[in-house]
Amino acid sequence: MQLTLDTSLAASYKSSSQKVRVVSENWVKNNLYCPVCGNIRLCKFPNNSKQADFYCENCSAEYELKSTKNKFSDRIVDGAYSSMIERIQSLNNPNFLFMSIAENIVNSLCFVPKHVFSPSIIEKRKPLSENARRAGWVGCNILVSNIPEQGKIYIIKNGNIKDRKAVQHKINAINSINISDIESRGWLMDVLKYVNLIDGEYFSLSDIYKYEDIFKLFHPDNNNIRAKIRQQLQILRDKGFIVFLGGGKYRKVCIWD
């Protein structure tokens, strides 16, 4: 895997964003393996394809690439809000690849599996003004900070290529909590995120109950929030993300960096 980008491909483009898109897509096509199945190469969809940017011929996994010359912020601009929510709820959403570039080198590449996405990760933007060419159109942002850390798996970090076995270990771990039901999946990822936010290795039920109002905001139709939280903790325990110590006490299991 070579980290240097072929900038000559973007010589005819004027827009900085177009240049980044062209060179980053070319790099993925020529260098990246399929994080889902390990196939040696990814194939590119035709330009402006609605479904995604890349796909794997072996396992049919699809990927959408977001690349920037800067470090990614907590919000990544995406397409239409309604389309994104529909894709998530239909389970037809792609996996994501977040790439940052520094000095024409791939500085970081983060893989986010599609089942990590839930509506709480998607932020609705304000409609375009009536004077805009697409007046009333509503876009969305991906709230990176709402993605559990276990779902952000680095293939490249700070210019260093991660060991493929270590990457696969983390992918296998997050895949163990791949739930097809969107509401259940959303609950599980939301609880995992807030478990991560609790300081230290150990925590109690009272620590996670402090986020009860936030869970209610995310899941307004649920009237038994604490029971639902405990249910998600049982799943995380069974899948090895946390250890139950008894008496409402838990310990986190670190399987990421």
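The values are calculated or read from the model by the stated rules, or taken from the named source; none is laboratory data. Predicted, not measured: the structure shown is a model, and the values here were computed from it. Using ideal geometry, Cβ is built from the backbone for each residue, glycine included, and neighbour counts are taken over all protein chains shown.
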Picking from Asp207, Asp163, Asp238, the residue that is of a type in the set (Asp, Glu), out of contact with any Phe, Trp or Tyr (no Cβ under 7 Å at 6 or more places or on another chain) and closer than 19 Å to Leu97 by Cα would be Asp163
Can you pull out the residues in region 117-148 that are surrounded by 15 or more Cβ atoms within 10 Å (Cβ to Cβ) and over 16 Å from Asp78 (Cα atoms)?
-> Pro148
What number of residues in region 163-197 are touching a residue at least 24 places away in the same chain (Cβ under 8 Å), in a loop (DSSP other than H, G, I, E, B) and surrounded by fewer than 17 Cβ atoms within 10 Å (Cβ to Cβ)?
-> 4
Residues located in region 198-223, provided they are touching an Asp or Glu at 6+ places or on another chain (Cβ under 7 Å) and not in a helix (DSSP H, G or I) = Ile198
Select from region 46-64 the residues that are at pLDDT 90 or above and not acidic (Asp, Glu) and write down the one among them that is nearest to Trp27 (Cα to Cα).
-> Phe54
Answer residue from region 9-22, given it is surrounded by 16 or more Cβ atoms within 10 Å (Cβ to Cβ) and without any contact (Cβ under 8 Å) to a residue 40 or more places away in the chain and is nearest to the chain's Cα centre (by Cα) among those | Val22
Within region 224-257, count every residue that is on the phi > 0 side of the Ramachandran plot and in a loop (DSSP other than H, G, I, E, B).
-> 3
Take Lys210 and decide whether it is basic (Lys, Arg) and either assigned by TED's automatic domain parsing to the domain that holds Arg87 or in contact (Cβ under 8 Å) with a residue 12 or more places away in the chain (or both).
-> no
Could you check region 40-145 for strands (runs of 3 or more DSSP E) lying wholly inside it with 2 or more residues that are over 22 Å from Leu217 (Cβ atoms)?
-> 62-68, 75-80, 95-102, 105-112
Given Asp207, Asp221, which one is modelled with pLDDT of 95 or more, out of contact with any Gly (no Cβ under 6 Å at 6 or more places or on another chain) and among the acidic types (Asp, Glu)?
-> Asp207
Test: residue in region 23-43 that is touching a Ser or Thr at 6+ places or on another chain (Cβ under 7 Å) and either in the same structural domain as Val112 (by TED's automatic domain parsing) or without any contact (Cβ under 8 Å) to a residue 12 or more places away in the chain (or both) = yes
